[in-house]
Amino acid sequence: MYKVSATQLTDVLNTLAGTMDVFLPIRKDGQTNFGLYAEGVQADFDTLKTVKPPKEFFLPQSESLYKGVVDGKDIHIEPAAFADRPFVVFGMRGCDVLGMEILDKVYLGEPVDRFYEARRGHGCVVALACGRPASTCFCKPFGVDASDPQADVTAWLCGQYLYLEPVTERGRQLTHKLEPFLQDADAEDVAEYRQEIRERLEALPYNNLSLDALKDADMLEVFNSPVWDSVCDACIACGTCSYVCPTCQCYDIKDYNTGDGAIRYRTWDSCMYSDFTLMAHGNPRKTQKERFRQRFMHKLVYHPSTAGGQLSCVGCGRCVNKCPSSLNIVKIMKSLGVS
Amino acid sequence: MCMPDTLIPEVGVITSIRDETPDVKTFCVTSATGGKPFGHKPGQCAMLSVPGVGEAMFSITSSPTNTLYMEFSVKRCGTLTDYMHTMQEGDGITIRGPYGKPFPVDDVLRGQDLLFIAGGIGLAPVRSVINYVFDKREDYGSVDIVYGSRSAGDLVFRPEIEDTWRSRPRTNVYLTIDRPEEGWSGNVGFVPAYLGSLGLGCDKTVIVCGPPVMIKFVLEELVKLGFKKQQIYTTLELRMKCGIGKCGRCNIGSKLVCKDGPVFRCDEVDELPDEY
Amino acid sequence: MQITGEQTFTPLITAFCCNWCSYAGADLAGTSRLAYPAEVRIIKVPCSCRINPLFVLRAFQKGADGVIICGCHPGDCHYIMGNYYARRRMTLLFSLLDFMGIERGRTHLEWVSAAEGAKFAATMSGFAENIHKLGKNRRLEDLRCKSS
Amino acid sequence: MQEQLRILAGKMLADGRAARVLGWKRTDFETAPEPSFFTAQDDLSELVYNKYCAANLSGFMIGAGKRDGVTVVFLKPCDTYSFNQLVKEHQIDRAKAYVVGVSCGGNAKVEEMEDVGWLERCLVCTKHDHVVYDELVLDESLSRPEAQDRFGGVTRLEGLQSLERYEFWQGELSTCIRCNACRNVCPACNCKKCVFDSAKYDTAAKANVTTFEEQLFHIIRAYHVAGRCTDCGECARVCPQDIKLQLLNRKIIKDINELYGEFQAGQDTETLGPLTAFNADTDAEPSIVHTRG
């Protein structure tokens, strides 16, 4: 383990930015999102959760797949280039790191998504321990240790120092770049801080949710539960929950006519939208009840049944925080028996 | 250059277009350099697309034993299919695939007596299996084909049915249309009722495809006739974008139609939520 | 790149003209051999009130540097009052665009009758000159539509 | 007041005058009550009313009006304007609604479940009285936060240079994630098929692929509710990125007021809206935009 004096943080970031793109939380107009670091930009490591999850650096909200030109009877296809610039996402939280693992299973599973793979291959993740977890957090039930998040490098901002513990080879290469600033440190140095975090977590209302009720849940039983009839009454069918979710994976593919060919691109999509499954002959999910049910069935039942029981939720609490109608996944889990 | 992503299609060409019915055309597609774009199994699908218009999943209508080209029978019903119906021979079209799980033609279906039931454009995916079976006729038992549509003009592959299928050994073809019309001497009535009147034995393996409501009543009829759900295969369709199990919209419960389907055994479908 | 920019800049101007007055006015300008800038592309609409704000924005998106709307003089609308509605709508739209920092001169509305061929030509020339001065539309552009 | 509302709702359900009650339900967080339909008297213990009940329930009445029976709905003064506007647009079946006007002392802004002050809309509130109700449940003891100039923000922006305004809006809109929360929560945004959802146009993007699309979505949205927007402030409240959407709507309202006379959408159900009316003689020409200060 190493440590860097907090006063040298800017130098550390500038050094990194010299060789790669550095994305970190930046506060603007009262909201914090990950953004590109440049000299003079003030990082905001105090805000716990960014509005947009950092999955966007691996799965951008929109990305071009190819350009297609219809030229008389011929068609020309020009595939978009794969990402080739190294970058680091600095300050991801433990929940978001777990979110990436869940996305990996989808996008790195056969057939591998090459666009995602290229970004994953060029991106390094520095995970930051959560000094002040919030009342909407519930990552512990999903196996996240917010005091010791595992990524390429684990970091703690504690006292006057930034502590860095490289975990993977890529992480070691990253810390190697920072050698001039590094001092040796010991795991003991952050032990007290970690203990503080764990104590704070214990005091949170959702920290000790038991997900047992969802283990081996019977798909049809949950699907046909009367719970769904009323639980979505307040849902306004926006995509906020999906777009702030670090595990929502669904995408849409669309064409945009530029006047000089068409760009085929993909964008994040939400199963809450009415056109998600709309076909020429109708929609198998006719009302918001079915769409709402789909989102939570996917996270709590469908995904676990194909991913060895792993739920497609990481307890980041963004949906709890941001839903315009105060709906969220905890409410749904509780109505399905989670306590 | 490393391997392109699966979402990047190959450019193919439409070599011929055949009118099947007033709103169904069959498109023959090859690679730009000739020959089939890729191999496939009966029941599998491919993504066809025209840049700037859209992309959609279609079942491959031709049999894998056809090594020269692929056929797609397409009903005019949406943005892309409307456009495709205006296309000409020689026009380019992009294609990627093959996608999905095929009918188990080389194991479960081998040696079995087969009963094919289709309604309307639902014959398109089934045709791939039928022609595969006919090309390897000695590997399979008897073949019964029950096919119905709204009117005689809406029956697809009519010349092939009359000229080829009817004359195959150990084969019976039963056609029906919904309402009587002049010049039609065959059966009139819906497929499920016709099916019940044919006196077919229930020791056959069934492949059924058609509009959801037809499938529902056909299944009821089959069960009444003594068939077990394990004997019945069907092929489903939902909206798809990627075709490779990632975009997340074609799921029925935990199964993805593009990846775990489109071919399902009916007892498997029974275990899934009723949302298709 | 910038050296050639201003000198070779040929603006693209979209003119929405109502079928009954302004389009006929454009016709008259043509048959009277009155010159107006070639970069003006006319889109005929049944009435100035047919113009949806989306039309205006889409014109900018697809590459227009200026959008001008022409309709019958107040009181002369073929549909009695279409241009009165258009007048309010476009006032609010232009004001909103201005509020969002889009240059004021890029949007304009002018009443041109079927008999005003000369006014049509003069209006278009004046508008084109203004757009020339403003330069390329950057604030309401869609980079995907700029050919590389 | 909460207790009065529970009693009133209970009576309405008990004597069969109402099939359901639309109110706010208690959740795990006091600061985040959920809009909810109550059909059973037993559930009314979950009905809450406090300064966190910010959700405007008028929009839900469009759907409720299509269900059988009367729906009791609790509306704060500003919500009644939205309700009235929807009645005017024939979106709400007035006969199937029993409007209970409730007093409001302003709603709190909530971040991470914590009360961080007042919602901006409550600081500039001008809609102090209910414009439609069947019954009122008032609490005279509630006091509102000190009022600020409603158009102050708009005026400040108007005073900037064009490029500064452009940069301000680029900064605001570039954070938009196109979640559609502003559109879907808006009582005035009730088109069955929004142009931004229609597959017929390539405006139906699900992400702002370019900066143009950020502008397009918000300009068209603001414009489409022009003359119908009551300034209820729900769009700004629900925006996950805190984009100052109210400024767009208020700019249009301010223009309408200045050019066509004072107008408050939802004030009544008869007056023609400013964009469905005109004055042949006095309306300004659009060039006024170019010539005024």
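Sort out which residues of region B:141-198 are among the aromatic types (F, W, Y) and in a strand (DSSP E or B), and write them in order of number. Before you say what the answer is, go through the steps one by one.
Here is the first cut: in region B:141-198, the residues among the aromatic types (F, W, Y) are B:147, B:157, B:165, B:174, B:184, B:190, B:194.
Those that are among the aromatic types (F, W, Y) and in a strand (DSSP E or B): B:Y147, B:Y174.
Can you confirm whether B:V126 is crowded, with 17+ Cβ neighbours inside 10 Å, in a loop (DSSP other than H, G, I, E, B) and touching a residue at least 60 places away in the same chain (Cβ under 8 Å)?
Working: crowded, with 17+ Cβ neighbours inside 10 Å: yes; in a loop (DSSP other than H, G, I, E, B): no; touching a residue at least 60 places away in the same chain (Cβ under 8 Å): yes.
Taking the combined requirement at face value, the residue does not satisfy it.
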| remark: Of the residues in region A:109-148, those that are more than 14 Å from the chain's Cα centre (by Cα), charged (D, E, K, R) and within 30 Å of B:T6 (Cα to Cα) number 5
| So A:R266, is it out of contact with any helix residue (DSSP H, G or I) (no Cβ under 7 Å at 6 or more places or on another chain), more than 7 Å from every other protein chain (Cβ to nearest Cβ) and part of a strand (DSSP E or B) | yes
| said: Restricting to region A:252-263, count the residues that are free of Cβ contacts under 8 Å to residues at least 40 places away in the same chain, within 7 Å of chain B (Cβ to nearest Cβ) and more than 20 Å from A:D71 (Cβ to Cβ). | reply: 1
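Which residues, taken from region B:40-89, are assigned to a loop (DSSP other than H, G, I, E, B) and within 14 Å of chain A (Cβ to nearest Cβ)? It would help to see each step written out before you state the result.
Initially, region B:40-89 is screened for residues assigned to a loop (DSSP other than H, G, I, E, B), giving B:40-44, B:51-53, B:60-69, B:76-78, B:85-89.
Selection gives B:P51, B:G52, B:V53, B:R76, B:C77, B:G78, B:H85, B:T86, B:M87, B:Q88, B:E89.
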| request: Look at D:G171 and say whether it is without any contact (Cβ under 8 Å) to a residue 60 or more places away in the chain and within 14 Å of chain C (Cβ to nearest Cβ). | output: yes
| said: Show the residue pairs meeting these rules: Cβ distance below 9 Å; 6+ apart or different chains; first residue within region A:280-293 and within 11 Å of chain B (Cβ to nearest Cβ) and closer than 17 Å to B:P211 by Cβ; second residue in a loop (DSSP other than H, G, I, E, B) and among the β-branched types (V, I, T). | reply: A:N283/A:T277; A:P284/A:T277
| request: Could you tell me whether any residue of region B:216-234 is in contact (Cβ under 8 Å) with a residue 60 or more places away in the chain and surrounded by fewer than 18 Cβ atoms within 10 Å (Cβ to Cβ)? | output: no
| query | Can you name the condition, by its number, that D:R156 falls short on among (1) away from chain C (no Cβ under 14 Å); (2) more than 27 Å from D:L57 (Cβ to Cβ)? | reply | (1)
| task | Hey, could you check region A:194-250 for residues that are polar (S, T, N, Q) and outside any helix (DSSP H, G or I) and say which is nearest to the chain's Cα centre (by Cα)? | result | A:T247
| message | For the condition touching a Phe, Trp or Tyr at 6+ places or on another chain (Cβ under 9 Å) and either farther than 18 Å from D:G105 by Cβ or not assigned by TED's automatic domain parsing to the domain that holds D:V102 (or both), what is the one hit in D:F29, D:F38? | response | D:F29
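Hey, can you tell me all the residues within region C:81-90 that are out of contact with any strand residue (DSSP E or B) (no Cβ under 8 Å at 6 or more places or on another chain) and not in a loop (DSSP other than H, G, I, E, B)? Write out each step before concluding.
From region C:81-90, those out of contact with any strand residue (DSSP E or B) (no Cβ under 8 Å at 6 or more places or on another chain) are C:81, C:84-85, C:88-89; that's our starting set.
Passing the criteria: C:Y84, C:Y85, C:R88, C:R89.
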| said: So, in region B:27-66, how many residues would count as being surrounded by fewer than 20 Cβ atoms within 10 Å (Cβ to Cβ) and of a type in the set (S, T, N, Q)? | reply: 5
| request: Residue by residue through region C:59-80, note down the ones that are under 30 Å from C:G135 (Cβ atoms), touching a strand residue (DSSP E or B) at 6+ places or on another chain (Cβ under 9 Å) and not small (G, A, S). | output: C:F60, C:K62, C:D65, C:V67, C:I68, C:I69, C:C70
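For region A:269-279, what are the residues that are within 8 Å of chain B (Cβ to nearest Cβ) and part of a loop (DSSP other than H, G, I, E, B)? Can you show your working first?
Just the residues of region A:269-279 that are within 8 Å of chain B (Cβ to nearest Cβ), to begin with: A:269, A:271, A:276-279.
Those that are within 8 Å of chain B (Cβ to nearest Cβ) and part of a loop (DSSP other than H, G, I, E, B): A:D269, A:C271, A:F276, A:T277, A:L278.
Can you tell me which residues in region D:223-246 are within 12 Å of chain A (Cβ to nearest Cβ) and within 18 Å of D:L157 (Cα to Cα)? Show your work before the answer.
So the first thing to find is which residues in region D:223-246 are within 12 Å of chain A (Cβ to nearest Cβ), and the list is D:234-244.
Once the filter is applied, which keeps residues that are within 12 Å of chain A (Cβ to nearest Cβ) and within 18 Å of D:L157 (Cα to Cα), region D:223-246 yields D:A236, D:D242, D:I243, D:K244.
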| List, please: which pairs have Cβ atoms under 9 Å, are six or more places apart or on different chains, and start with a residue in region D:84-99 that is within 15 Å of D:T71 (Cα to Cα) and end with one that is charged (D, E, K, R) and assigned to a helix (DSSP H, G or I)? | D:V87/D:R94
| said: Quick check on my filter: what residues within region B:192-215 are surrounded by 16 or more Cβ atoms within 10 Å (Cβ to Cβ) and β-branched (V, I, T)? | reply: B:T205, B:V206, B:I207, B:V208, B:I215
| task | Sort out for me the strands (runs of 3 or more DSSP E) sitting completely within region A:106-173 that have 2 or more residues that are within 14 Å of chain B (Cβ to nearest Cβ). | result | none
| Are any residues in region B:242-275 touching a residue at least 40 places away in the same chain (Cβ under 8 Å) and either closer than 21 Å to A:R114 by Cα or in contact with a helix residue (DSSP H, G or I) (Cβ under 7 Å, 6 or more places away or on another chain) (or both), and if so, which ones? | B:C242, B:G243, B:I244, B:C258, B:K259, B:C266, B:D270
| query | Do any strands (runs of 3 or more DSSP E) entirely within region A:1-105 hold 2 or more residues that are among the aliphatic types (A, V, I, L, M), within 14 Å of chain B (Cβ to nearest Cβ) and touching a residue at least 60 places away in the same chain (Cβ under 8 Å), and if so, which? | reply | A:62-71
| request: Just give me the residues in region A:299-322 being out of contact with any helix residue (DSSP H, G or I) (no Cβ under 8 Å at 6 or more places or on another chain), at the interface with another protein chain (Cβ under 7 Å from one of its Cβ atoms) and more than 22 Å from A:V51 (Cα to Cα), in sequence order. | output: A:T306
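Can you find a residue in region A:138-146 that is in contact (Cβ under 8 Å) with a residue 60 or more places away in the chain, more than 15 Å from A:R93 (Cα to Cα) and surrounded by 17 or more Cβ atoms within 10 Å (Cβ to Cβ)?
Residues of region A:138-146 that are in contact (Cβ under 8 Å) with a residue 60 or more places away in the chain, as a first pass: A:138-142, A:144.
Going one step further and asking which of them are more than 15 Å from A:R93 (Cα to Cα), we end up with A:141.
Now restrict to residues that are surrounded by 17 or more Cβ atoms within 10 Å (Cβ to Cβ): A:141.
Yes, region A:138-146 contains a residue that is in contact (Cβ under 8 Å) with a residue 60 or more places away in the chain, more than 15 Å from A:R93 (Cα to Cα) and surrounded by 17 or more Cβ atoms within 10 Å (Cβ to Cβ).
The values are calculated or read from the model by the stated rules, or taken from the named source; none is laboratory data. Just so it is clear, the structure is predicted and the values come from calculations on it, not from any experiment. Positions of Cβ are backbone-derived with ideal geometry, glycine not excepted, and every protein chain shown enters the neighbour counts.
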